[in-house]
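Here is the structure we will look at, set down as structure tokens.
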Amino acid sequence: MDIIFSSIINMFQPIILIAMICGVSWGIFVGALPGFGAAIGIALLIPFTYGINPTIALPILAAVYTGAYYGGGITSIMIGVPGNSPAAATIMDGFPMTQKGKSQKALTTSLLASTFGGIFGGLSLLLLAPQLVQVTLLFGPAEYFVLAVFGLTIIASLSGASIIKGLISGTFGLLLSTIGIDVITGANRFTFGEIYLFDGIPTIPLILGLFAFPRCLLMIRDIFLKESLTLSLSDDKGSGENATLKEMFKMWKTLIRSSIIGTIIGIIPGAGANIACWVGYGEARRNSKHPEKFGTGIPEGVAAAEAANNSVAGGSMIPLLTLGIPGNAASAVMLGALMIHGLVPGLKLFTTYASITYTYMVAMIFSCFILLAVGWYASRFFAKLAMVNFIILAPTIILVTLMGSFSNRQYVFDMWVTLLLGIFCYWLTLLKYPMPPILLGVILGPISEKGLRRALMISRGDWTVFLTRPICIILLVLSAISVYYGIKISKSNIGKGIQKEEKLKLKEIKGS
Amino acid sequence: MIKKKSNASEMNLLSHFAFCVIAIFIYIISFNITPASSMFPRLLSIVIFSLNAFLIGQYFYYFFTENEKEVTQNRKKYWENIFNLKKYTVIPILIFIICYLFVYAYPRIGFELSGFLLVFSIMILINRKEAIKKFYIAILIPSFFLLIFKVGLNLAIPLTIEIFFK
């Protein structure tokens, strides 16, 4: 306890406070830039923190991590482009809220939910790390494969119009993940001799090609169809009402549920915020008295997704700090940062380097309070993005999208990936194929393939291995339930909602 | 239910066939890979093919059971809104060509010039009014991002100044 208290006192040192404010601001900024996000934000900052004392450097990185998760949600809400993949689920209700002129409310809901989720995840990290880490040890290859199946069925059931199209998208994503060198046998698959594809389809150009580029094309198309030169926010001047604590308190069940989901998924290596946001969102919709309202622009949808993805930040640190297993790309970069500072995950981190480790863990929580303060004003600042003229915004986003795809590996090839995927996904979007399952498929592909092949190797080709393990059975049952509910929802409420939306669009088109 | 399915059916049918072709292509070329490495992609191609075959079957089921008048009306409405509107197809293709030229030119003429051409041409394509103002904006936007990417993020960006003056 003494270490925790001394770590809390450390947080009030002016230098750490200022450093964390800068870290959160940088995190929000990088998180909001499409294609960037926590991983790149942290990676870019590592060289600057290398020479700094770890008790200052690690809180800065923790602050970037927290800020970036929130920042990703800002662009999801404001322009319908996720700053990073964990913010993909925020689009579902965040962007419709903006279209309704409630961007300010969506942003503050996102901020408060992010703060809550971040604190919850941080507390879990601080208090439950040694206990919860045992759960991940129960996961074998078969469980990882079934977990991937569960993740895909969840996302397919959330895809709205047709669960089959969601499943096709998800399977197509899995297929894309097989491009590159097979990590088990070393065989070259579907690269057609292109060396840039040996590591598989690069994630950042893929995300931009799936979300950002089609969104730009749709944005420009909308300008022509609607003759509108600004975002559809005619009644929203960026100064609308904020989310209140009372409203947030009404969503306490959703916030706690999503935070628990996010923390647990964060603990499972490889799962990460990309899944957590969808599971959190899906569970909130499933448990809601009005599931048909989800996807139409309600604060609860934003809160569910944001609380889940921000709580992952703390959860993903549990296996990282104890076992050295990164839960996602950002925590993998964080692992590198820890090692640069001479901190090797494991028992020593909690004994020899306990003061630094606890400072870092407390910083994860403390940065949420800083996020609340900075984000409250930053949200208003970013809300003004919505007022930018579309004529300026559209080419700007295209430029940032193409440069964002270049930024990671600095290959022009990655820009081609974004461009070709972008035009392909534009047509898929028009035909109501959901994009998030493709992304999830690509992310889950390596995990699921390794899980499937290793499980079959262990069982000597016996497929019943997936039906004989308790965790697999639970996950398969949950998958079946999510498919069932997905079909039920798409047939009833959401299907009708989409039909209405299509009719409205047709009217708009005819009108213009 | 039947009406809803037939609304966007023709174009969807095309996409289902396209996915089937992709699945068959993947299945065939996976024979060039070792059996252990080709197992997963082959499994996925079978799943994609099956799901799309189901949707194709569903389409033809509705095609033969639906009222003829409804089919004609729905199809007419659909084609009107997808293909008769050039804005759905021509504009995205033009934007794609501009972006294609940007990516092609970017390493050859540098970020400043290619970025300017990208931003300016898209702005002019959207709206031709106030061309002079747009010209200045098209200079400012890439300049701003040049500062972020080059100075802030330290990316190895090919610069027009370096290409033409070194």
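Any read-out appearing in this document is the output of simple, stated calculations on the displayed coordinates, not a laboratory observation. Keep in mind the model is a prediction, meaning the values are calculated, not measured. Reconstructed Cβ throughout: ideal geometry from the backbone, glycine too, with neighbour counts over all protein chains shown.
Listing A:V146, A:V183, A:V374 from the residue with the fewest other Cβ atoms within 10 Å to the one with the most, what is the order?
In increasing order of surrounding Cβ atoms, one gets A:V183, A:V374, A:V146.
The packing ranking of peptides B:31-40, A:352-361, highest mean first, is A:352-361, B:31-40, where packing means the average number of other beta carbon atoms within 10 angstrom of each residue. Averaged over the residues of peptide B:142-151, the number of Cβ atoms from other protein chains lying within 10 Å of each residue's Cβ is 2.
From the cross-link list A:K105/A:K293; A:K102/A:K293; A:K102/B:K129, which pairs have alpha carbons spaced over 23 Å apart?
Working: A:K105/A:K293 17 Å; A:K102/A:K293 15 Å; A:K102/B:K129 31 Å.
The answer is A:K102/B:K129.
Computed 3J(HN,Hα) for region A:433-443, one whole-Hz value per residue from the Karplus formula 6.51 cos²θ - 1.76 cosθ + 1.60 where θ = phi - 60°, is 7, x, 7, x, x, 5, 4, 4, x, 5, 5, glycine and proline marked x. Averaged over peptide A:420-427, the number of partner chain Cβ atoms lying within 10 Å of each residue's Cβ comes to 3. For B:I56 paired with A:A354, estimate the spin-label separation in nm (one decimal), with each label point 7 Å from Cα along the Cα-to-Cβ line. Calculated label separation equals 6.6 nm.
Which net charge results when you count Lys and Arg as +1 and Asp and Glu as -1 among the other residues whose beta-carbon is under 13 Å from that of A:D93?
That works out to +2.
Arranged from fewest to most other beta-carbon atoms within 10 Å of their beta carbon, A:V362, B:V47, A:V30 become B:V47, A:V362, A:V30. Highest mean packing comes first when the peptides A:425-432, A:452-459 are listed by Cβ atoms within 10 Å, giving A:425-432, A:452-459. Ordering B:L147, B:I122, B:L101 by the projection of their Cα atoms onto the charge dipole of region B:86-165, which places +1 on the Cβ of Lys and Arg and -1 on the Cβ of Asp and Glu, puts B:I122 at the extreme positive end. Note that region B:141-151 has calculated 3J(HN,Hα) couplings of 4, x, 5, 4, 6, 4, 4, 5, 6, 7, 7 Hz, one per residue in order, obtained from phi through the Karplus relation 6.51 cos²θ - 1.76 cosθ + 1.60 (θ = phi - 60°); glycine and proline are x.
Among A:T178, A:T401, what is the fewest-to-most ranking by other Cβ atoms within 10 Å? All intermediate terms of the calculation are to be shown ahead of the outcome.
Working: A:T178 25, A:T401 28.
Least to most surrounded, the residues fall as A:T178, A:T401.
Shielding of peptide A:286-292 by partners, expressed as the average count of other chain Cβ atoms within 10 Å per residue Cβ, is 0. In this entry, region B:86-165 is assigned a mean projected area of 5.9 nm², taken as a quarter of its C-alpha convex hull surface. Applying 1/(1 + (r/R0)^6) with R0 = 35 Å to the Cβ-Cβ distance of A:F369 and B:L147 gives a FRET efficiency near 0.65.
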